[in-house]
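Report on one structure; see the data block that follows.
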């Protein structure tokens with residue numbers, strides 16, 4: 001049924017956008033972290049999305065057998081580190097300053113992160129609206145069948 005397929009597509013996007021929001025929140029939380037367990041400042045992370053290409057099985061409550069959908073939705077391919085340069089600030093008294101007195105700060109730009117957060121939030125809201133519309137259509141179809 002195409003109605004379930006559209007809900008499955010939007011559901012995969014909800015999961016992906018939630019992870020994207022988590023990564024953005026992590027970036028913002030570490031915007032001033034100059035020392036990590038790996039050494040050096042925190043490096044900004046980005047989520048990479050790809051289309052869902054393999055055959056996927058989705059189970060819905062009350063279904064005997066789950067339908068299989070091919071090439072539907074989105075999945076997270078991975079989380080990558082941003083390779084851009086760190087910000088260097090002259091702070092000779094800082095505990096993480098190098099021999100020349102410069103401290104390397106994370107490559108996190110709070111403005112960029114906030115824009116990404118707004119885009120992820122809007123995408124999440126759009127997919128919630130799509131699921132709500134599909135649910136309303138299913139309810140209307142059931143009401144027609146009862147009449």
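Of the strands (runs of 3 or more DSSP E) lying entirely inside the range 50-147, those carrying at least 1 residues that are modelled with pLDDT of 90 or more are 74-81, 87-90, 102-105. Among the candidates 91, 113, the residue that is touching a helix residue (DSSP H, G or I) at 6+ places or on another chain (Cβ under 7 Å), over 18 Å from residue 73 (Cα atoms) and surrounded by 14 or more Cβ atoms within 10 Å (Cβ to Cβ) is uniquely 113.
The values are calculated or read from the model by the stated rules, or taken from the named source; none is laboratory data. Quick caveat: nothing in here was measured; it's all calculated off a predicted structure. Glycine also receives a Cβ, built like all others from the backbone with ideal geometry; neighbour counts cover every protein chain displayed.
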